[in-house]
1. What number goes with the only condition from (1) within 15 Å of B:Ile413 (Cβ to Cβ); (2) surrounded by 19 or more Cβ atoms within 10 Å (Cβ to Cβ) that B:Ala88 does not pass?
2. Considering every residue within region B:302-315, establish whether at least one is in contact (Cβ under 8 Å) with a residue 12 or more places away in the chain, surrounded by fewer than 16 Cβ atoms within 10 Å (Cβ to Cβ), hydrophobic (A, V, I, L, M, F, W, C) and more than 22 Å from B:Ile186 (Cβ to Cβ).
3. Can you find even one residue in region B:175-186 that is touching a Pro at 6+ places or on another chain (Cβ under 8 Å) and over 30 Å from B:Met127 (Cα atoms)?
4. Look at B:Ala416 and say whether it is in the same structural domain as B:Ile56 (by TED's automatic domain parsing) and over 24 Å from B:Thr90 (Cα atoms).
5. Determine, yes or no, whether B:Ser407 is surrounded by fewer than 17 Cβ atoms within 10 Å (Cβ to Cβ), farther than 30 Å from B:Cys278 by Cα, more than 14 Å from chain A (Cβ to nearest Cβ) and out of contact with any helix residue (DSSP H, G or I) (no Cβ under 9 Å at 6 or more places or on another chain).
6. Which of the following residues is farther than 30 Å from B:Asp340 by Cβ, without any contact (Cβ under 8 Å) to a residue 60 or more places away in the chain and either of a type outside the set (S, T, N, Q) or outside the structural domain of B:Gly41 (by TED's automatic domain parsing) (or both): B:Ala205, B:Ala219, B:Ala214?
7. Out of all the residues in region A:101-120, which are within 14 Å of B:Asp390 (Cα to Cα), more than 22 Å from the chain's Cα centre (by Cα), part of a loop (DSSP other than H, G, I, E, B) and not hydrophobic (A, V, I, L, M, F, W, C)?
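The values are calculated or read from the model by the stated rules, or taken from the named source; none is laboratory data. The shown structure was predicted, so the numbers you read here are calculated from the model rather than taken from an experiment. Cβ sites come from the backbone with ideal geometry, for glycine too, and all protein chains shown count toward neighbours.
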Amino acid sequence: MINQGLVLTCTKCSTKNFLDPYPFWNFSGNTKCATCDTLYAVKFVKGQQVSGPTVSSGKADLLPGYAEDKNGAGIAGEGKIRPAPQARPDPFSGKQKQITQSVRGKPVSGRPVKKEDLVGSRARVIADLHKT
Amino acid sequence: MATAPDFETYCQELFDHKTAFGKPEVLKGYRVLSCTQYILGPSCASYLAELGAEVIKIEAPRRGEPMRHTTPFNEPLLYPLSRWAPEAGTGLGFFGANPNEEFVSLDFHRPEAKQAMLELAAKTDVMVQNYRPGTFDRWGMGYQHFSKVNPRLVYQWLGGFGGWGPGRVRASYDILGQAQGGCFGITGEAADRGGTPSKHTIWLADYWGGMMAAVQVLAALYWRDTVSGQGTFIEYSQVHGVTRMLEYSLPLYGRYGVRRERWGNWDTELCVHGIIQCGKSSYPDSKNPQEAEVGYILVSAHHDEDFKKLCDVIGKKDLATTYAKHDDRVKAENQGTIYDALEAWAKDKTKEDVATLLDKAGILNQPVWNAKEVSEQPHWKLRGAVQWIDDPMFGDLHHQGPAFKMSETPPRIKWAFKPVGADNEKVYGRLLGWSKSKIAQMEEAEVI
């Protein structure tokens with residue numbers, strides 16, 4: 001039987017913690033509820049939940065990717081959910097590699113942006129890159 | 001009188017995708033509201049956008065629709081989510097179903113949103129939404145409500161199971177649609193080779209459903225613009241759409257009571273006509289572990305003379321004698337023997353080695369290509385099926401182009417997508433007359 005366990009609903013506060021399959025694909029350890037910090041031990045093998053979630057102790061090894069409270073409101077903030085990766089690790093070195101050019105050598109986004117960079121129908125960073 | 005060019009030259013000049021931006025767009029002037037999520041609804045709207053319709057995608061404020069968060073590789077530095085969360089990213093799954101659209105944000109639950117939607121619907125030709133049955137009616141945004149302010153509105157609702165009936169009140173997904181619609185009953189391994197159903201990796205029920213719905217929209221626009229002057233309410237069921245694809249499965253069952261079975265990568269009606277494994281990697285020196293995997297190739301030799309040639313190539317002339325007649329070859333137990341012999345022969349070869357040998361013998365074949373191999377094919381690049389686009393938000397992007405060509409009004413890809421709410425000022429200012437301060441006020445209140 002396939003036990004997916006994509007959503008961990010907290011038994012104490014009913015928060016829905018989304019254990020996104022990519023980082024949790026092969027995972028064994030603790031995660032925690034984004035609202036009440038209850039720790040849960042879970043184990044996934046090739047995307048299938050093979051044990052847990054059971055209430056645990058210690059510290060969280062990996063936070064949920066996203067969470068909603070019982071009213072459906074998103075929960076964010078440091079220590080609550082896992083921040084999105086700023087750049088994907090290079091498959092060979094394992095280090096994060098900031099991409100600034102496409103594989104054919106033309107400029108792409110790939111730099112940290114601020115709010116004002118994203119107002120409007122054309123990203124300022126791309127417009128600036130085309131000027132240089 | 002000038003000589004007509006040969007067909008290839010004629011087509012290449014007529015359909016050159018590099019000239020597309022100098023030609024008119026067939027749906028220019030039509031406006032579409034896309035209140036859609038995941039792939040089913042978004043792909044319907046995006047097909048219209050590729051043909052030139054002005055498609056306005058409306059998403060939840062701040063974090064947008066769920067598809068932005070459904071797949072991995074959401075790198076904020078490459079695909080930032082929104083101005084409110086520039087540190088968060090959009091997943092690559094959002095590609096493919098949202099090109100050419102304008103992106104605004106709106107919280108449908110708020111009273112201000114209902115008024116804004118009524119005003120937008122009054123100025124719109126088509127609305128597409130794929131929420132659960134009755135959700136938009138409950139919010140006062142159904143066809144019953146919008147057709148009063150705009151009787152010419154074509155309202156396309158895409159749902160899982162339809163708007164009525166005992167099985168309607170569930171959420172549906174592509175995989176559920178394929179399971180309930182009957183697809184998994186015939187896709188997957190044969191009973192004696194595991195027997196497990198196989199999910200199609202691409203969200204086929206969604207992309208196919210979106211295309212069917214787009215055809216329905218065009219039919220309704222034809223009815224409105226050339227016959228009646230009236231709008232239409234359209235319902236598309238994802239599950240029934242899958243059932244529509246089942247070929248002869250239902251007539252077979254209805255006539256003989258025979259349930260069509262899974263048959264893996266072979267064919268129940270033709271042999272040889274299937275995919276075999278080749279034992280060697282095409283990239284033995286690659287450092288990329290993905291490229292260490294073995295290859296696969298399609299082989300088709302179901303005619304007697306082709307099968308005989310195939311047996312000669314693999315050095316199994318006895319098979320050509322034993323299974324000289326197709327009626328014998330196609331029997332389930334014999335297919336296993338034949339395909340096992342083919343794979344044993346291909347065990348020390350790459351898919352390219354096999355293709356070379358089969359080409360030499362005049363036997364139809366095609367190595368199974370991955371994304372890298374498709375991307376590198378000159379045929380694809382020349383025809384614009386794979387193209388680089390200069391995306392105004394994300395820069396240089398490798399993207400699939402439209403699959404069809406139109407000589408006078410070609411479809412085109414202008415951009416892949418934009419962050420949540422990127423066009424709030426443009427759309428709300430231009431269509432609803434909102435001032436800068438009102439937009440700021442709505443943003444502050446998280447209505448947009």
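1. Here B:Ala88 clears every test but (1).
2. no
3. Within region B:175-186, one or more residues are touching a Pro at 6+ places or on another chain (Cβ under 8 Å) and over 30 Å from B:Met127 (Cα atoms).
4. When the stated conditions are applied, B:Ala416 does not pass them.
5. It is false that B:Ser407 is surrounded by fewer than 17 Cβ atoms within 10 Å (Cβ to Cβ), farther than 30 Å from B:Cys278 by Cα, more than 14 Å from chain A (Cβ to nearest Cβ) and out of contact with any helix residue (DSSP H, G or I) (no Cβ under 9 Å at 6 or more places or on another chain).
6. Of B:Ala205, B:Ala219, B:Ala214, the one residue that is farther than 30 Å from B:Asp340 by Cβ, without any contact (Cβ under 8 Å) to a residue 60 or more places away in the chain and either of a type outside the set (S, T, N, Q) or outside the structural domain of B:Gly41 (by TED's automatic domain parsing) (or both) is B:Ala219.
7. Hits for region A:101-120 are A:Ser102, A:Arg104, A:Gly105, A:Lys106.
Here is a yes/no grid of residues against (1) over 26 Å from B:Phe233 (Cβ atoms); (2) more than 26 Å from the chain's Cα centre (by Cα); (3) among the β-branched types (Val, Ile, Thr); (4) away from every other protein chain (no Cβ under 14 Å):
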position: B:Glu87; (1), (2), (3), (4): yes, yes, no, no
position: B:Val126; (1), (2), (3), (4): no, no, yes, yes
position: B:Met141; (1), (2), (3), (4): no, yes, no, yes
position: B:Asn150; (1), (2), (3), (4): no, yes, no, yes
position: B:Trp157; (1), (2), (3), (4): no, no, no, yes
position: B:Gly160; (1), (2), (3), (4): no, no, no, yes
